[in-house]
Amino acid sequence: MDKFCPRCGKTVDKLFGPRKVCIDCFRDTQDFVELPDEIRFEQCSVCGNYRINNVWKDFESDEKLVFDVLGQYEKEEVEMGASFRRQGEVYNVNVVMEREVNGEIVRQVKELEMIPEKTQCMKCSRFHGGYFEAILQIRGKINQDIFGNMMEFAGGKTAEDRSNFVSNVEEKHGGYDVYVSSMNMLRSLLEFLKEHHGVEEKWSKELVGQKEGQEVYRTVVSARIL
């Protein structure tokens, strides 16, 4: 039996939604997902990583970036897909949404832009700012080839994860002070030395200031080559 759409006046076979309108009016008046015309997100200008819901994600591909950004708007009852093209830094995205309404699958399409706001992630900011969390003090007669290999090893660790890096090396009387960004890097370099030398290690902490009323300490490890 033909039905009458109270919004546009068309005669149709079926009406949809609580307002009982035709499928075209249903699409016009009911957003399956509230998507803005423009979505802005933070992206690191150095490494390309991007922040979603205050969490930094590693950049793997444009496709993953687009779907991660869209993921903030997902609804359980709506299936979302998308195609996109990139023009410069801007992603022009065509979002297709489907949901079941009155026993039928209804499709809705939305065009939008994703625009990155360039900044620096914490890893890159620390890397370029000379940040260090610990100091490895190497003393004694260290083989120069092994020290060079250790620094090459450190570069490999940085390539794996930019939060692990050597921010500075100072040549001291009787050895080197190696400034490292993380405890993970400190332990890795210490283990590397132990593989090639007998090492006597001594751990200590030095007070460097306060943060939010709490004292902040930096780890210093003295590694004496035996």
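The values are calculated or read from the model by the stated rules, or taken from the named source; none is laboratory data. It should be emphasised that the depicted structure is a prediction, and the values quoted were computed from it without experimental measurement. Positions of Cβ are backbone-derived with ideal geometry, glycine not excepted, and every protein chain shown enters the neighbour counts. Just so you know, the surface numbers come from the protein's heavy atoms only, side chains and all, with ligands and any DNA or RNA stripped out. Shrake-Rupley method; radii C 1.70, N 1.55, O 1.52, S 1.80 Å.
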Exercise for the section: Take the Cβ-Cβ distance between residue 98 and residue 118 as r, set R0 to 35 Å, and report the resulting FRET efficiency rounded to the nearest 0.05. Expected result: 0.55
Practice task
Would you kindly state how much longer the chain becomes between residue 220 and residue 59 on full extension, computed as 0.36 nm times their sequence separation minus their alpha carbon distance, in nm to one decimal?
Solution key: 54.6 nm
Completion exercise
In debye to the nearest 20, the charge dipole size for the chain, taken about the Cα centre with +1 at each Lys and Arg Cβ and -1 at each Asp and Glu Cβ, equals 360 debye
Exercise for the section: Can you figure out the FRET efficiency of residue 159 with residue 111, using R₀ = 45 Å and their beta-carbon distance, to the nearest 0.05? Expected result: 0.70
Practice task
Return one whole number: the accessible area per residue of segment 46-176 in Å², for a 1.4 Å probe.
Solution key: 59 Å²
Handout entry: Residue-averaged 222 nm ellipticity for the chain, from DSSP H runs of 4+ at -39500 (n - 2.57), nearest 500
Key = -7500 deg cm²/dmol
Exercise for the section: Could you tell me what percent of the accessible area of the chain is made up of carbon and sulfur, with a 1.4 Å probe and every protein chain present? Expected result: 43 percent
Problem - Kyte-Doolittle mean at least -0.5, axial Cα span of 18 Å or more - DSSP H helices of the chain - result: 144-160, 183-196
Completion exercise
If each part is reduced to its alpha-carbon centroid, segment 115-142 and segment 31-89 end up apart, in Å, by 28 Å
Exercise for the section: Give, as a single signed number, the net charge of other residues whose beta carbon lies under 11 Å from the beta carbon of residue 219, with Lys and Arg counted +1 and Asp and Glu -1. Expected result: +1
Fill in the blank from the handout: Heads up, segment 126-226 by the C-alpha gyration tensor (a ≥ b ≥ c square roots of eigenvalues; a/c under 1.5 rounded, else a/b over b/c prolate, else oblate) looks oblate
Exercise for the section: Work out the length of the dipole vector of segment 46-85 about its Cα centre, built from +1 on the beta-carbon of each Lys and Arg and -1 on the beta-carbon of each Asp and Glu, and round it to the nearest 20 debye. Expected result: 240 debye
Practice task
Just add up the charged neighbours of residue 90: K/R +1, D/E -1, any other residue whose Cβ is under 14 Å from the Cβ of residue 90.
Solution key: -3
Handout entry: Estimated distance in nm for a label pair at residue 171 and residue 145, the labels positioned 7 Å out from Cα along Cα-to-Cβ
Key = 2.0 nm
Handout entry: Exposure of residue 196 as accessible area (Å², to 10), given a probe of 1.4 Å and all protein chains
Key = 90 Å²
Practice task
Specify which residue in the list 46, 132, 12 is farthest towards the positive end of the charge dipole of the chain, using unit charges on the beta carbon of Lys, Arg (+1) and Asp, Glu (-1), about the Cα centre.
Solution key: 132
